[in-house]
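The values are calculated or read from the model by the stated rules, or taken from the named source; none is laboratory data. Predicted model only: the values in this text are computed from it and were never measured. Please note: Cβ atoms are built from the backbone with ideal geometry, for glycine as well, and neighbour counts cover all protein chains shown.
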Amino acid sequence: MATKDKYIPLIIGVAIAAGVIIGGRLNFSDTSDNLFSTNSKKDKLNRLIDYIDYEYVEEVNTDSIVDVTVNGILNNLDPHSSYIPKEDLERITENMKGNFVGIGINFYPYKDTIAVVKPTEGGPSERAGIMSGDRILYANGDTLYGRDFDFDLIGEKLRGEKNSSVKLTVFRKDEDDLLEFEVKRKEIPIKSIDASYMLTDDLGYIKMNRFAESTFMEFKDALDELKDLGATKLALDLRDNPGGFLGIAEQIADEFLEDDKLILFTKDKKGKEERIYATRRGDFEEGEIYILINENSASASEVIAGALQDNDKGIIVGRRSYGKGLVQREMSLGDGSAVRLTVSKYYTPTGRSIQKPYTNGDNEKYYNDYYKRLRTGELADEENIVVDDSLKFTTPKGKVVYGGGGIIPDVFVPVDRLFDNETINYLRRRGHFGYFVFEELDKDRTLYQDITKYDFINNFEVSDDIVVRFQDYVNERERTNITFVAYNDEIRRIIKATLAKQLFDDNAFEEIINKEDIMVQEVILLSTEYPSFKQD
């Protein structure tokens, strides 16, 4: 028997015992004093761990056994209760906080060096003089290049305490000597808003990638800027947004809903309800609102879509959303790790749960729901969306909506060819577009230095030669013989958008992609016909 196999019965035994103890520790009816009090169940688990530590014939990492046990327990509760190991918790917390302390660069580990793709606009590196294309060779004298360098250590070397300094040694093309920079570390935002610009004279557009602590303020700043530019209508793009903090979604929904409108309510296992209502704070209650969703819009994204749909506010555009109606709370386990435990379910204002069905312990089927939708044709035709008549609800103005698995949009838009192509999606996931464009720019960045963002978006054309070079680039690295004849235009558009992202910003990327995005174009069309649609 393989070494790892002989511990399986041991792990299963510990898992059974641990299930009892952790269930006791998470009994929210107990007081904090009683929650972790000694009892025979806990003693049994502690004694078993001690026996393994002191008596078992071989050395065993009992910490790893406990981690496996916790994961096994949570996997058998529901698909969204999860364990966060100590080594991952800081990174996840930082991401959801919305900022970190660092030097402010986007970079690639490129040919054994750290290549700066673009310094953060207004960030410490840009202010110090770091430029796109620079290679960072040393940080405070420590080597940051070479085949043996562990690029996982980059964060350690470049991040640090706020206002502390790091001395960087940089190689720059066309410079005879290495350059020295002293960069003072500052808080660097992790943006939730990918893009914010005007689609038409009166229709603004905001794309949001998650709901972090900083998201509401980012959203408010973007909304205010669009209103100053004349926006009386707004397209809020929540496609592929997996969610985040429920409270942030509530704040954003409040911007659109009139005072005292119900946003959602939650219910725990004891039936206790908590209702969240809109306040007087809303700044866009009179504006027209369009919410863009797809099969990857989940959780907090669905809260906003459901709140507006159930209050007969605006138009939901796209495809049926993910279907996550469970609420998690993060709880420390005392050793630097944490658990996100499902503590309640949320319901839209009409009373529907949009949580899709799941079977405890069968998470694979749950997460493969996308492929079922693809196979049944739901992503291409709304007639293939299966609804349950027993989960039918009615909005105040008589619109029929359904619970039981996601938000069904008011206006259906089939999947875009650009994002439904397996080859293109594979190339995007592998990072080929980004690396190729970096190499193209790195050949001679002066070719683009006189092009403004506006001119690039509206007038620049990707040549056939560039597409051919990209094709050769991919084939060399993938050891394949791919040709792009069938989707040449899509490849050309993504290359142009990626060029714009590295030359300018994320906003430029989205503007170029959205020019041919069928869902965005549908919203533009709807915005000119909204009064007649509203009367229907």
Selection count, the stretch 235-262, where residues are free of Cβ contacts under 8 Å to residues at least 60 places away in the same chain, out of contact with any helix residue (DSSP H, G or I) (no Cβ under 7 Å at 6 or more places or on another chain) and farther than 22 Å from MET96 by Cα: 3
Within the stretch 419-439, can one find any residue that is farther than 22 Å from ILE512 by Cα and not in a loop (DSSP other than H, G, I, E, B)? no
Considering only residues of the stretch 358-379 that are touching a residue at least 24 places away in the same chain (Cβ under 8 Å) and either exposed (fewer than 15 other Cβ atoms within 10 Å of the Cβ) or over 26 Å from the mean Cα position of the chain (by Cα) (or both), which is nearest to TYR290 (Cα to Cα)? TYR370
Going through the stretch 183-231 one residue at a time, which ones are aliphatic (A, V, I, L, M) and part of a strand (DSSP E or B)? VAL183, ILE188, ILE193, ALA195, MET198, LEU203, ILE206, MET208
Within the set of pairs 6+ apart or on separate chains, which have a first residue in the stretch 139-166 that is free of Cβ contacts under 8 Å to residues at least 24 places away in the same chain and at negative phi, a second that is of a type in the set (Lys, Arg) and surrounded by 12 or more Cβ atoms within 10 Å (Cβ to Cβ), and C-beta atoms under 6 Å apart? ASP142/LYS157; SER164/ARG185; SER165/LYS184
Could you please find all residues in the stretch 464-487 being assigned to a helix (DSSP H, G or I), surrounded by fewer than 13 Cβ atoms within 10 Å (Cβ to Cβ) and free of Cβ contacts under 8 Å to residues at least 24 places away in the same chain? ASP464, ASP465, VAL468, ASP472, GLU476, VAL485, ALA486
Is there a residue being among the aromatic types (Phe, Trp, Tyr) and either outside any loop (DSSP other than H, G, I, E, B) or in the same structural domain as VAL116 (by TED's automatic domain parsing) (or both) anywhere in the stretch 496-507? no
Kindly indicate the residue of the stretch 277-332 that is farther than 21 Å from PHE265 by Cβ and among the small types (Gly, Ala, Ser) and also surrounded by the most Cβ atoms within 10 Å (Cβ to Cβ) among those meeting that condition. GLY318
Looking only at the stretch 501-536, filter to residues that are under 17 Å from ILE289 (Cβ atoms), β-branched (Val, Ile, Thr) and modelled with pLDDT of 95 or more; which one of those is surrounded by the most Cβ atoms within 10 Å (Cβ to Cβ)? VAL523
For the stretch 75-90, check the following and say yes or no: at least one residue is in a helix (DSSP H, G or I) and touching a helix residue (DSSP H, G or I) at 6+ places or on another chain (Cβ under 7 Å). yes
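Conditions tested, residue by residue: (1) assigned to a helix (DSSP H, G or I); (2) under 26 Å from the mean Cα position of the chain (by Cα).
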{"residue": "TYR108", "(1), (2)": "no, yes"}
{"residue": "ARG147", "(1), (2)": "no, no"}
{"residue": "GLU156", "(1), (2)": "yes, yes"}
{"residue": "GLU161", "(1), (2)": "no, no"}
{"residue": "LEU168", "(1), (2)": "no, no"}
{"residue": "ASP176", "(1), (2)": "no, no"}
Only one residue in GLY434, GLY405 is touching a residue at least 12 places away in the same chain (Cβ under 8 Å), among the small types (Gly, Ala, Ser) and not assigned by TED's automatic domain parsing to the domain that holds GLY351, so which one is that? GLY434
Is it true that LEU341 is of a type in the set (A, V, I, L, M) and out of contact with any strand residue (DSSP E or B) (no Cβ under 9 Å at 6 or more places or on another chain)? no
The stretch 121-132, residues that are crowded, with 20+ Cβ neighbours inside 10 Å and either hydroxyl-bearing (Ser, Thr, Tyr) or closer than 16 Å to GLU439 by Cβ (or both): SER125
Give me a count of the residues in the stretch 57-74 that are in contact with a helix residue (DSSP H, G or I) (Cβ under 7 Å, 6 or more places away or on another chain) and either free of Cβ contacts under 8 Å to residues at least 24 places away in the same chain or not in a helix (DSSP H, G or I) (or both). 2
Just one of (1) surrounded by 15 or more Cβ atoms within 10 Å (Cβ to Cβ); (2) at pLDDT below 90; (3) small (Gly, Ala, Ser) trips up GLY434, so point out which. (2)
